[in-house]
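The values are calculated or read from the model by the stated rules, or taken from the named source; none is laboratory data. Remember, predicted model here, so these are calculated numbers, not experimental data. Positions of Cβ are generated from backbone atoms using ideal geometry, with glycine treated the same way; all protein chains shown enter the neighbour counts. The accessibility values were calculated without ligands, DNA or RNA, using every heavy atom of the protein model including side chains. Shrake-Rupley method; radii C 1.70, N 1.55, O 1.52, S 1.80 Å.
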Amino acid sequence: MKLSTKHIIQVKDLNIGYTSKKEVKTIASNLNVELDAGNLVCLLGKNGIGKSTLLRTLTKVQPSLKGEIFINSTKLETFNFTDFAKIVSLVLTEQLPDSSLTVFELVALGRQPYTNWIGYLTTEDLGIIQSAFEKTNTKHLMNSKCFELSDGQLQKILIARALAQNTPIIVLDEPTAHLDLHHTINTFSLLKNLASEFNKTIIVSTHEINLALQLADELWLMTPNEFISGNTEELIANNSINKLFESDLISFNKTLKQFTINNS
Amino acid sequence: MVNPTKSYKNTFILLIITLFVIIIINISLGSVYIPLKQIFLSLFDGQTERESWKSIILNYRLPKAITAIIVGSGLSISGLLMQTLFRNPLAGPFVLGISSGASLGVAILILGASFLGANISAYAFTNWGLAAAAITGAFLVLSAVMLAAIKVRNTMSILIIGLMFGSLTAAVISVLAYFSSANQLQQYLFWSFGSLGNLSWKEISALTITFFVGISLVIFIIKPLNSLLLGENYAKSMGVNVKLTRNLTLISTSLLTGVITAFSGPIAFIGLAVPHLTKLLFNTSNHKILLPAVAISGAIIMLICDSIAQLPNSEYTLPINAITSLFGAPIIIWLLVRKRKVFY
């Protein structure tokens, strides 16, 4: 089934969650969203609300419970592993297993969906790896071992690896969880730049609400009752942000564009 | 753009030269002294001063050296594959219970012979009988671990399951040993000491063919093994069929370990120690480099162990398994004490 080619991602009546032998555990239901290419999307929501589950479902790591996902107007299920690897790349929160891979080797692994059976890097592959280093400004790290890097450097390298995979969509699961403010801002502005300048579609789950509000083109809000998506400015204006945390303790202040503690 | 992938050409040339030197040393050592020139003459089909020398070299020492090379390479490659697949520096054919499975097969054949009846035991004690039993045992335990691996996704759990299978088979062997005659027990014990000699050319060709089948499977998983260095989720996201890779790895490991254990006994520590030594020497995780490096290093170390086991200039030959353990255990301890980061 072909849909309008305008939306790079289209989600229809999606239910996400887990199936075990005895029961189906739905984590979020009735998700509907359409996304155009070249946008930076921040996925916001409190812990345990299903952000990771949504990202895992969108990236074909786990099956959906109901509904349909279209990537580039093609149904998600119809992609094989290699084809999908040419469309969506990942940056995960999980720690890398220890190895003595060099930074170059790690970034070069991003070319795997394109290389031959033994992983030979052609001149074209090397060029793309080179530009991934340039875009992330990490060329000087090329010959270091991955275990020598700081958290901030490693995060950039992982983004460079995703860029080497040369996919129109990059999905990042809490990429700034271990970073200080400086590196967090650095990472976000890099992502923003990749979206606006290189037309990448970037989906980031994050708890950095303040940064998300300033930089994201679109927001996906996961609240206990509903899934809200839309333009950042609009969601601020119609006070949807306030639904993120339904609590008496904090509320969203429109003028300050941030959450503040309620004075009661 | 410069491809900063380091060239290991010099290290490889050095390793290969070392391998050839060690082969010559290994062949020239033994209970009978044979001059170096005569050794080359017999190897290259020349006329030796004494016919017996040629016979010793071609029918005893050369087959043993070839066996050592295949055993060393095969076990080391198995160890490397297990370490990457399970992302655990302690993984190896022994830890996963594959070697124990092979031992169980042999134990059932030798120790359980009285249950099987005399007819079978006549066949049983040929090397072929042992081979079939060991390969069957290795495959059975490995299939059990593989079945568990399908159910259990966590690689750490699979490792523990492998260890449990190892304990199980050891327990069964103990029970069998308890009810066996002294004669059978001795036979089993001698097999379990390990031995690289006593193989006919026919058996060596069977060993070699199985070895190359195992290795050719490995060559096709070099690329996915490299992406598995980032973990299964990243590997999947780069288009790797993780299940297929895992199955191919397990099949090639059981082929290599099974056939080697059958013909040479359960040889310890090589599978665990050699990959670590090679990783220290080459300082890389890239399987394109590591696989050939581990294969050559494994052969070299096995040949050295065998040369020591022969106790040069004496009539005695020590059990090869004792030598590999004497060599392997201190290395692992040394690695851990030095707190060097041990890589997968």
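Filtered by the rule that a residue be more than 13 Å from the chain's Cα centre (by Cα) and in contact (Cβ under 8 Å) with a residue 24 or more places away in the chain, the stretch A:195-216 gives A:196, A:198, A:199, A:208, A:209, A:210, A:211, A:213, A:214, A:215. Filter the stretch B:36-69 down to the residues that are open to solvent by less than 10 Å² (accessible area, probe 1.4 Å) and aliphatic (A, V, I, L, M), then identify the one that is modelled with the lowest pLDDT. Top of the filtered list is B:39. Restricted to the stretch A:144-249, the set of strands (runs of 3 or more DSSP E) holding at least 3 residues that are buried (at least 20 other Cβ atoms within 10 Å of the Cβ) comprises A:169-173, A:201-205, A:218-222.
For the stretch B:120-158, filtered to residues that are modelled with pLDDT of 75 or more, more than 18 Å from residue B:214 (Cα to Cα) and not hydrophobic (A, V, I, L, M, F, W, C), the residue that is nearest to the chain's Cα centre (by Cα) is B:129.
Within the stretch A:77-97, residues that are at the interface with another protein chain (Cβ under 8 Å from one of its Cβ atoms) reach partners that are of a type in the set (A, V, I, L, M, F, W, C) and part of a helix (DSSP H, G or I) with beta carbons closer than 6 Å, at six or more positions or on different chains, in the pairs A:89/A:162. Quick one: is residue B:222 in contact with a Lys or Arg (Cβ under 7 Å, 6 or more places away or on another chain), in contact (Cβ under 8 Å) with a residue 24 or more places away in the chain and hydrophobic (A, V, I, L, M, F, W, C)? Yes, satisfied. Among the residues of the stretch B:275-314, those that are under 13 Å from the mean Cα position of the chain (by Cα), under 17 Å from residue B:225 (Cβ atoms) and of a type outside the set (Gly, Ala, Ser) comprise B:275, B:294.
The residues of the stretch B:313-331 that are touching a Ser or Thr at 6+ places or on another chain (Cβ under 9 Å) and not in a helix (DSSP H, G or I), listed by number, are B:313, B:314, B:315, B:316, B:317, B:319. Being buried (at least 24 other Cβ atoms within 10 Å of the Cβ), of a type in the set (Val, Ile, Thr) and modelled with pLDDT of 85 or more: is that true of residue B:110 here? It is false that residue B:110 is buried (at least 24 other Cβ atoms within 10 Å of the Cβ), of a type in the set (Val, Ile, Thr) and modelled with pLDDT of 85 or more. Total residues in the stretch A:163-193 satisfying the condition of being under 12 Å from the mean Cα position of the chain (by Cα) and among the hydrophobic types (A, V, I, L, M, F, W, C): the figure is 6.
Residues in the stretch B:39-77 that are outside any helix (DSSP H, G or I) and aromatic (Phe, Trp, Tyr): B:44 only.
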